[in-house]
Amino acid sequence: MGAGHAHKLYRQGRSPVHELPPHCKLAAVLCFVLVVVSTPREAVWAFGLYALLLAAVAAIARVPAGFLLRRMLIEVPFVAFAVLMPFVVPGDQVRFLGLSLSVPGLWGAWNVLAKGTLGVAASVLLASTTELRALLLGLQRLRLPPMLVQIASFMIRYGDVITDELRRMSIARRSRGFEARGVRHWGVLGKSAGALFIRSYERGERVHLAMMSRGYTGTMPVIDEMTASRAQWTSAAALPLSALAVCLLGWTL
């Protein structure tokens, strides 16, 4: 893999969480999310304990709460979906503030909000403490199909390039007096999208030819071999194992 690209989700720092190998953190987050999803929605207290576990990890990683909350706004569409559920899901009704709400819909909304929020928070914590390049190396270490890792690598590497190309096209349109003000301008925007696709495709062809001329055979060379000690795996397993204990208690009560 080539040089890494800094991302706004990553927060530079030195902490025990930052120093864990990326494949350990990936496995820990995946197991934590699986445990959260498996928890019965009626065990409301369990989700509170999960939130406390994530708060403890954030404190150890020295990631401020405001930093996490701002980046968790990505789940707003799921919140909007959950808000509609008490009004559209059939079942027993309850009255609240003059509104008739479905009891199964309320439980469904709670289920989506609680599990979705915890999953997003865990993912944001992972991204906040792990560089993108390290995440890709971690995925490779976990034996994710190499082709998927390469696709993700190129997406990260050239995402900013395509964004800059789009910005330059927008500046060129505005310099010629164009401003999209209604439906009649959708045709121009559609042509711009087509031009961006063609430019991106041609750039991809040029990059591929350049790689082939340098000996590319379908796999990327691995420069950094990441290993993890037993102590590091144990530290990473603390989060999902604690969550598993809470989940089992939730099922027995």
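The values are calculated or read from the model by the stated rules, or taken from the named source; none is laboratory data. These numbers come from a predicted model, not from an experiment. All Cβ positions, even for glycine, are placed from backbone atoms using ideal geometry, and neighbour counts span all protein chains on display. Areas reflect the complete protein model, heavy atoms only, side chains present, ligands, DNA and RNA absent. Shrake-Rupley method; radii C 1.70, N 1.55, O 1.52, S 1.80 Å.
Values as computed for the structure displayed
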{"item": "Residue ID - least open to solvent (accessible area, probe 1.4 Å), chosen from residues in segment 193-215 that are hydroxyl-bearing (Ser, Thr, Tyr) and free of Cβ contacts under 8 Å to residues at least 24 places away in the same chain", "result": "Ser213"}
{"item": "Residue in segment 8-16 that is out of contact with any Phe, Trp or Tyr (no Cβ under 6 Å at 6 or more places or on another chain), aliphatic (A, V, I, L, M), more than 15 Å from Val124 (Cβ to Cβ) and open to solvent by 50 Å² or more (accessible area, probe 1.4 Å) present", "result": "no"}
{"item": "Contacts under 8 angstrom Cβ, first residue in segment 137-158 being over 19 Å from Arg206 (Cα atoms), partner of a type in the set (Val, Ile, Thr) and modelled with pLDDT of 85 or more, 6 or more apart", "result": "Gly138/Thr130"}
{"item": "Whichever residue in segment 131-181 is among the small types (Gly, Ala, Ser) and part of a helix (DSSP H, G or I) and, among such residues, is least open to solvent (accessible area, probe 1.4 Å)", "result": "Gly138"}
{"item": "Residues located in segment 85-129, provided they are part of a strand (DSSP E or B) and not polar (S, T, N, Q)", "result": "Val94, Arg95, Phe96, Leu99, Leu101"}
{"item": "Residue list for segment 68-85, filter: buried (at least 16 other Cβ atoms within 10 Å of the Cβ) and either among the basic types (Lys, Arg) or more than 11 Å from Gly116 (Cα to Cα) (or both)", "result": "Leu68, Arg71, Met85"}
